[in-house]
Amino acid sequence: MPDPGRTMGLSRLLDATLMACAVLAGAIFVAITVAVPLDALGRSFLAKSMFGINDMVEYGLMAAVLLAAPWVLSRGEHVTVDVIAVMIQGRAGRLLSVLVSLLGFLVSLIILWYAAQALASAYTSGRMVRKVLVFPQYWTFIPLCICFALTSCEFLRQLIRGRILSAGLSI
């Protein structure tokens, strides 16, 4: 059985990291929300567009969604299919919860593995994204790796809590 003090400390660290990512995602969404209308106004009234705005919005949306996803998962506000979960109560429901957390953990680890390989390959090869903006391709894999590292941690936390709850203990 894990040490409760250590587990709670790690849980608080994970919560703080998830919150920091969510705040960063929110800041990205705010920047996009401000930049797009400003660009439209600039094009309409000044005949000038913000340089690289479409690229920034494209990659900003991707980064924001990936940074926010683990926080949403931790709050239980992600998209779920509750039809089966509502019908299954008691011990079977707890077992289903553990199995879903285990599956989520394993899938997140697999995606993290491939994302990390893609990041390493892009970094070592020096590949660049060449659109209006030019930047190293590995930058695009950083939010993906962060997302699935954190979702792996969150699914593991849910898995541990599910097992503890099914044993009749509360945390």
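For the range 41-64, which positions are farther than 25 Å from PHE155 by Cα and open to solvent by less than 40 Å² (accessible area, probe 1.4 Å)?
Kept after step one, since they are farther than 25 Å from PHE155 by Cα, are these residues of the range 41-64: 41-60.
Correct list: GLY42, GLY52, ILE53, ASP55, VAL57, GLY60.
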Does ILE111 count as at pLDDT 95 or above and part of a helix (DSSP H, G or I)?
yes
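A quick yes/no check of all residues on (1) modelled with pLDDT under 90; (2) open to solvent by 60 Å² or more (accessible area, probe 1.4 Å); (3) over 15 Å from the mean Cα position of the chain (by Cα):
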{"position": "LEU119", "(1), (2), (3)": "no, no, yes"}
{"position": "SER125", "(1), (2), (3)": "no, yes, yes"}
{"position": "MET128", "(1), (2), (3)": "no, yes, yes"}
{"position": "PHE135", "(1), (2), (3)": "no, no, yes"}
{"position": "PHE141", "(1), (2), (3)": "no, no, no"}
{"position": "CYS147", "(1), (2), (3)": "no, no, no"}
{"position": "PHE155", "(1), (2), (3)": "no, no, no"}
{"position": "GLY162", "(1), (2), (3)": "yes, no, yes"}
{"position": "LEU165", "(1), (2), (3)": "yes, yes, yes"}
Inspect all residues belonging to the range 75-89 and state whether any of them is in contact with a His (Cβ under 8 Å, 6 or more places away or on another chain) and either open to solvent by 40 Å² or more (accessible area, probe 1.4 Å) or of a type in the set (S, T, N, Q) (or both).
no
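Quick one: is LEU10 more than 20 Å from VAL134 (Cα to Cα), surrounded by 12 or more Cβ atoms within 10 Å (Cβ to Cβ) and over 17 Å from the mean Cα position of the chain (by Cα)?
On the way: more than 20 Å from VAL134 (Cα to Cα): yes; surrounded by 12 or more Cβ atoms within 10 Å (Cβ to Cβ): yes; over 17 Å from the mean Cα position of the chain (by Cα): yes.
When the stated conditions are applied, LEU10 passes them.
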What number of residues within the range 21-66 are free of Cβ contacts under 8 Å to residues at least 40 places away in the same chain and outside any helix (DSSP H, G or I)?
4
Would the range 77-93 turn up any residue that is within 23 Å of THR17 (Cβ to Cβ) and outside any loop (DSSP other than H, G, I, E, B)?
no
Going by what's in this entry, would VAL72 be described as modelled with pLDDT of 80 or more, under 17 Å from GLN158 (Cα atoms), open to solvent by 30 Å² or more (accessible area, probe 1.4 Å) and within 17 Å of the chain's Cα centre (by Cα)?
yes
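The values are calculated or read from the model by the stated rules, or taken from the named source; none is laboratory data. Everything numeric in this text was worked out from a predicted model, so none of it was measured. Note that each Cβ is placed from the backbone with ideal geometry, even for glycine, and that neighbours are counted across all protein chains shown. Areas reflect the complete protein model, heavy atoms only, side chains present, ligands, DNA and RNA absent. Shrake-Rupley method; radii C 1.70, N 1.55, O 1.52, S 1.80 Å.
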